[in-house]
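Chemist: Following this message is one structure expressed as structure tokens.
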Amino acid sequence: MKITPLMEQYLRIKERYKDSILLFRLGDFYEAFFEDAHTVSKVLNIVLTKRQDAPMAGIPHHALNTYLKKLVEAGYKVAICDQMEEPSKSKKLIRREVTRVVTPGSLVEDEFLTETNNYMTVFIFENGKYCAVFCDVSTGEVLVHENTDKQEVFDLMKAYSISEIICPKELVDDLRERFPGVYIEVIDDWYFSNPEEEVKKVYGVEDVHHFELSAVSLKALSALIKYVKYTMITENPNLKPPVLMSQKNFMLLDSATVENLSLVPGEKGKNLFDVLNHTETAMGARLLKKWILHPLVDRNRIEERLDIVERFKEDRIKLDRVRELLSNVRDLERIVARIEYNRAVPRDLVSLRETLRVLPKLNEEISTFVSLHKLVFPKDLLDLLERAIEDDPTGNPGEGKVIRRGFSRELDEYRDLLEHSEDKLKEFEEKERQRTGIQKLRVGYNQVFGYYIEVTKANLDKVPDDYERKQTLVNSERFVTPELKKFETKIMAAKEKVEELERELFKNVCEEVKRHKETLLNISDELAKIDALSTLAYDAILYGYTRPQFSENEMKIEGGRHPVVERFTRDFVENDVYMNEEKRFLVITGPNMSGKSTFIRQIGLIALMAQIGSFVPARRAVLPIFDRIFTRMGARDDLAGGRSTFLVEMNEMALILLKATKRSLVLLDEVGRGTSTQDGISIAWAISEELISRGCKVLFATHFTELTDLEKGFPQVQNKTILVKEEKDKVIFTHKVVNGVADKSYGIEVAKIAGIPDNVIKRALEIIEKNFKLNDGKRREKKKFNQQIPLFPV
Ligand code: ADP
């Protein structure tokens, strides 16, 4: 194959992006060659062609994003190579450069993203410490978490549903196993060199100490910075200062708890976030989700949020006005990011303008809130946007429809020229018709040949001598004249001028926006906060929540409800709970489907909601501030990870026993079910003893009625059950929690409701009759703890 200069250019660039699919701009297409062409053709289902013997597959430039999305979703990394200069008439090779490396974690365009955050994570291990740095490139947010416990870091990565992991080679196998389906990028040692310098340069600081990062975190952060630079092809990545996620400030939630309490959208459908999320802005929605995943532990900060929520709740008119204003606010965080990366579209500036317009009115509304900051209002920037950008710009900068008339006299002059040229062309056409007597003569334009006069075959004999032939079609011929040529040159020059001027003006406006970056990001943070807090007030009104109070050790919930289940259940039954230093371990027995799980989950959710600063679903709630909420619930297996149901259960229990303190809330829904009854009860009993001595608050829902004997030996234990009424041969679950022990498990009744065939039910009743009935006719539910009952005595 002969290597043309173009191919040489391609190969030179490809050499540097070997691990990516290289999309190489050629005129109106992005082309892939060789191996890449085969892949692209297969994944995108497009035709494989050839160019000078090289396999080639091309996608139209205007459809790039659509195809890009498919490639990235299919797990490929894509390097986009653009033309860096306008194609000129001379045959000179155009300069081309890679302008972007696209991976699932480095997306900034709106069409690739949903309202939710899209995180990439650098994960490293050094000196016994695991460190994860999370970054949403589309918002610039950077979060750092460090831990000696690998699982806790993994839990956080899971809760954040990250889309990309960046790690050194030695960690990749472990991560692949833990995060199947997540895109993983392996990085080499270079990424970890000179970390301090890297961080200083990007944040423009002399000293990195005030970030309070350890050496490991600093290294991970600098790797992240280098990676963002590499994917976004920039020396100035748009990154906010790193925020440390430490247990000092936030309650750490393990992944089992995030899942068990259904806090955020995930595999299970209904969740707390969806119930609470009535935010008006994307920033507000992202913040609310973050609050749910990171409840506070500092009482002052919690009360501060609650105060604002209460103020909003008490002034319904103000609340509605604020929400109405917020509904005009656009995704400022992402607009700023796109402008920083020179990827803004005209629509972004319109959205920015709409957002800024809201600020003065919003400031008026919140002026009476002491703890809300007044929003800085960049009036000069808004004025510029009002003057510079069309109301509803269509097309790209350069097509003449983005910059408002009156903003630049020079641009307007060229635009006038172009607009008048239409009329001039009509005049010219009419003149030529008169001159030649050809009524059907037509003046037209096409991209390749430019302006032409078209004459049908029938009229060719009337064509004057000064007509110069340009192109022959089936039924007509096309000509030019010196006058038309002159006209064309003038129009082309004007067009080029409009293109150049408008691009430049658009760029200047973007540069001006960049100068306001700090201000805009502050505004964005404040807007998110106002949105999230006013939403919590709105929820409180909508759902009838009350403000929680806090106490040192007492937990008193009157008329508590499950915030999610109550939304999907008619006549939800309220329940009370009282726990303090003396009574802090509740054993809840009761039949299946009576509401045990709902009850213990609702206690966890009420506690969590209180600590994010939300009102809670209860008539009255007094709560301690918990350092952590632990849950062990349901039967889950992790077959991919090679762990059986019982092993998963015991893993979860081990974590709780390792970490729970006097200030923790522990919710247990069945422990020890995945093994023999004897083993199960023994383990459950021993775990209970340990948790009682630990001092934490525990709610333990169980089928092992044996555990209710704990009440006899430990004053801290109290037995609760769910009241069941029997009417004729029907059982009614009242869902009401009362003191006491379940006298029956109603397993057979529930089996019947579930549709187990009558003959099997009948047989089960016979077996009970024969083997388990006591003399008084009651079913022998409560076996003595140490008494062994053979299930099938002969
Ligand atoms: P268990 O854990 O005892 O098997 P669940 O807590 O799963 O029972 O509850 C079963 C169903 O009963 C729930 O899906 C819900 O529809 C209903 N339920 C539970 N608690 C209540 C309640 N307090 N009020 C009304 N319905 C409830």
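Chemist: By its C-alpha gyration tensor, with a ≥ b ≥ c as the square roots of the eigenvalues, how is the chain shaped: rounded for a/c under 1.5, else prolate for a/b larger than b/c, else oblate?
Modeler: Numbers: a/c = 2.38, a/b = 2.15, b/c = 1.11.
It is prolate, given that a/c is not under 1.5 and a/b is the larger ratio.
Chemist: Within region 556-659, list the GluC sites (Glu not before Pro) lying in a DSSP loop whose Cβ has at most 11 other Cβ atoms in a 10 Å radius. Don't skip to the answer; put the middle values down first.
Modeler: Values: sites: 558, 566, 574, 581, 582, 649, 652; in loops: 574, 581, 582.
Answer by residue number: 582.
Chemist: Please go through region 396-457 and write out the GluC sites (Glu not before Pro) that DSSP classes as loop and that have at most 15 other C-beta atoms within 10 Å.
Modeler: Values: sites: 399, 410, 413, 419, 422, 427, 429, 430, 432, 454; in loops: 399.
In loop regions of region 396-457 (DSSP not H, G, I, E or B), the sparsely surrounded GluC sites (Glu not before Pro) are 399.
Chemist: Between region 285-345 and region 50-72, what is the separation of their alpha carbon centroids in Å?
Modeler: Between the Cα centres of region 285-345 and region 50-72 lies a distance of 41 Å.
Chemist: Summing +1 for each Lys or Arg and -1 for each Asp or Glu, what net charge is found among the other residues whose Cβ lies under 12 Å from the Cβ of residue 658?
Modeler: On the way: positive: 628, 659, 694; negative: 149, 152, 254, 652, 690.
Every neighbour counted, the sum reads -2.
Chemist: Would you work out if region 549-787 is rounded, prolate or oblate? Take a ≥ b ≥ c from the square roots of the eigenvalues of the alpha-carbon gyration tensor; rounded if a/c is under 1.5, else prolate when a/b is larger than b/c, oblate otherwise. Please list the in-between numbers first.
Modeler: Numbers: a/c = 1.65, a/b = 1.37, b/c = 1.21.
Verdict is prolate for region 549-787.
Chemist: Provide the percentage of antiparallel DSSP beta bridges, counting only those with both residues in region 5-102; round to the nearest 5.
Modeler: Details: 17 of 21 bridges.
Antiparallel bridges: around 80 percent, rounded to the nearest 5.
Chemist: About the Cα centre of region 1-67, how large is the charge dipole given +1 on each Lys and Arg Cβ and -1 on each Asp and Glu Cβ? Please answer in debye to the nearest 20.
Modeler: 80
Chemist: While we're on this one: Determine the relative contact order of region 402-524: mean sequence separation of Cα pairs under 8 Å and six or more apart, normalised by residue count, in whole percent. Don't jump to the answer; show the numbers that get you there.
Modeler: Numbers: 106 pairs, mean separation 30.2, N = 123.
25 percent.
Chemist: Evaluate the relative contact order of the chain (contact order divided by residue number), counting alpha-carbon pairs under 8 angstrom at least 6 apart; express in whole percent. All intermediate terms of the calculation are to be shown ahead of the outcome.
Modeler: Numbers: 1315 pairs, mean separation 70.7, N = 794.
With pairs under 8 Å counted, the relative contact order is 9 percent.
Chemist: Work out the charge dipole of the chain with +1 on the Cβ of Lys and Arg and -1 on the Cβ of Asp and Glu about the Cα centre, then indicate which of 191, 677, 7 is farthest towards its positive end.
Modeler: Most positive-ward Cα: 677.
Chemist: Which pairs break 28 Å Cα to Cα here: 318/556; 158/514; 662/712; 92/470; 92/495; 440/486? The partial results should precede the final answer.
Modeler: On the way: 318/556 32 Å; 158/514 34 Å; 662/712 22 Å; 92/470 25 Å; 92/495 22 Å; 440/486 23 Å.
In this structure, 318/556; 158/514 exceed 28 Å between Cα atoms.
Chemist: Okay, next question. Which ordering of 509, 750 is given by a fewest-first count of other beta-carbon atoms within 10 Å? Mind showing how you got there, number by number?
Modeler: Details: 509 25, 750 16.
Ordered from fewest to most neighbouring Cβ atoms within 10 Å, 509, 750 come out as 750, 509.
Chemist: Which lysines have a Cα lying under 26 Å from the Cα of residue 770, excluding residues fewer than 8 positions away in the same chain?
Modeler: The qualifying lysines are 725, 728, 730, 744, 752, 762, 778, 782, 783, 784.
Chemist: May I pose another question? Counting Lys and Arg as +1 and Asp and Glu as -1, what is the net charge of the other residues whose Cβ lies under 14 Å from the Cβ of residue 585? Could the numbers behind the result be given before it?
Modeler: Values: positive: 583, 584, 662, 694, 697, 712, 720; negative: 581, 582, 689, 690, 709, 711.
So the environment of residue 585 carries a net charge of +1.
Chemist: Would you mind calculating the relative contact order of region 551-691 from Cα pairs under 8 angstrom and at least 6 residues apart, reporting the percent as a whole number?
Modeler: On the way: 185 pairs, mean separation 34.6, N = 141.
Reported relative contact order: 25 percent.
Chemist: With a Förster radius of 56 Å, plug the Cβ-Cβ distance of residue 423 and residue 304 into 1/(1 + (r/R0)^6) and report the FRET value to the nearest 0.05.
Modeler: Working: r = 66 Å, r/R0 = 1.18.
After rounding, the FRET efficiency stands at 0.30.
Chemist: Which lysines have a Cα less than 19 Å from the Cα of residue 226, not counting those fewer than 8 places away in the same chain?
Modeler: Filter leaves 18, 77, 169, 200, 201, 240.
Chemist: Could you compute the net charge surrounding residue 504? Neighbours are other residues with a C-beta less than 11 Å from the C-beta of residue 504; K and R count +1, D and E count -1.
Modeler: Working: positive: 497, 503, 507; negative: 410, 499, 500, 502, 511.
Local charge sum for residue 504: -2.
Chemist: What's the extension gain from residue 580 to residue 83 if we count 0.36 nm per residue and subtract their Cα-Cα distance? Don't skip to the end; give the middle numbers.
Modeler: Numbers: separation 497, 0.36 × 497 = 178.92 nm, distance 7.03 nm.
Fully extending the segment from residue 580 to residue 83 adds 171.9 nm.
Chemist: Shifting gears a bit: Any of 69/401; 69/248; 69/290 with alpha carbons more than 31 Å apart? Name them for me.
Modeler: The pairs that break the limit, which is 31 Å between Cα atoms, are 69/248.
Chemist: Find how many whole Å separate the alpha carbon centroid of region 493-534 from the alpha carbon centroid of region 394-412.
Modeler: Spelled out, the Cα-based centre of one part sits 16 Å from the other.
Chemist: Given 0.36 nm per residue, what is the gain on full extension from residue 679 to residue 542 after removing their alpha carbon distance, in nm? If you can, show how the numbers build up before the last one.
Modeler: On the way: separation 137, 0.36 × 137 = 49.32 nm, distance 4.74 nm.
Length gained, residue 679 through residue 542: 44.6 nm.
Chemist: Same structure, new question: Mind sorting 106, 688, 41 by how few other Cβ atoms lie within 10 Å of their own Cβ, fewest first? Could the numbers behind the result be given before it?
Modeler: On the way: 106 26, 688 21, 41 18.
Ranked by crowding around the Cβ, least crowded first: 41, 688, 106.
Chemist: Now, a different point. Which value, in debye to the nearest 20, describes the size of the charge dipole of region 124-271 about its Cα centre when Lys and Arg Cβ atoms bear +1, Asp and Glu Cβ atoms bear -1, and nothing else is charged? Write down the numbers at each step before the final one.
Modeler: Working: 15 positive and 25 negative charges, 75 e Å.
The dipole magnitude comes to about 360 debye.
Chemist: For region 549-787, build the charge dipole from Cβ charges (+1 Lys, Arg; -1 Asp, Glu) around the Cα centre, then report which of 585, 559, 701 sits farthest towards its positive end.
Modeler: 559
Chemist: Restricting to the chain, what percent of DSSP beta bridges are antiparallel, rounded to 5? Intermediate results must be reported in sequence, preceding the final value.
Modeler: Numbers: 63 of 98 bridges.
Of all bridge pairs located within the chain, approximately 65 percent are antiparallel.
Chemist: Right, next: If you place +1 on the Cβ of every Lys and Arg and -1 on the Cβ of every Asp and Glu, how big does the dipole about the Cα centre of region 509-633 come out, in debye to the nearest 20?
Modeler: The dipole of region 509-633 has a size of about 420 debye.
Chemist: Taking other Cβ within 10 Å of each residue's Cβ, how do 291, 190 sort, fewest first? Before the final figure, lay out each step's value.
Modeler: Numbers: 291 23, 190 9.
Ascending number of Cβ neighbours within 10 Å: 190, 291.
Chemist: Sequence-distant or interchain residues sharing an amide H contact under 5 Å with residue 740, placed H: which?
Modeler: Under 5 Å from the amide H of residue 740 lie the amide H atoms of 719, 720, 721, each far enough along the sequence or on another chain.
Chemist: Quick one: check the C-alpha center-to-center distance for region 570-623 versus region 678-736, whole angstrom.
Modeler: Region 570-623 and region 678-736 have Cα centres separated by 15 Å.
Chemist: Then there is this: List the chymotrypsin sites (Phe, Trp or Tyr not before Pro) in region 620-717 that DSSP assigns to loop (not H, G, I, E or B) and whose Cβ has at most 11 other Cβ atoms within 10 Å. Which are they? Please list the in-between numbers first.
Modeler: Values: sites: 626, 630, 646, 685, 700, 704; in loops: 626, 704.
Those that pass, being in a loop and sparsely packed, number zero.
Chemist: Nearest 10 degrees, 0 to 90: what angle lies between the long axis of helix 758-771 and the longest principal axis of the chain (Cα atoms)?
Modeler: Computed tilt is about 30 degrees.
No lab work stands behind these numbers, since they all come straight from the coordinates. Since the structure is predicted, the reported quantities are computational estimates derived from the model, not experimental observations. Note: ideal-geometry Cβ built from the backbone for every residue, glycine included; neighbour counts use all protein chains shown.
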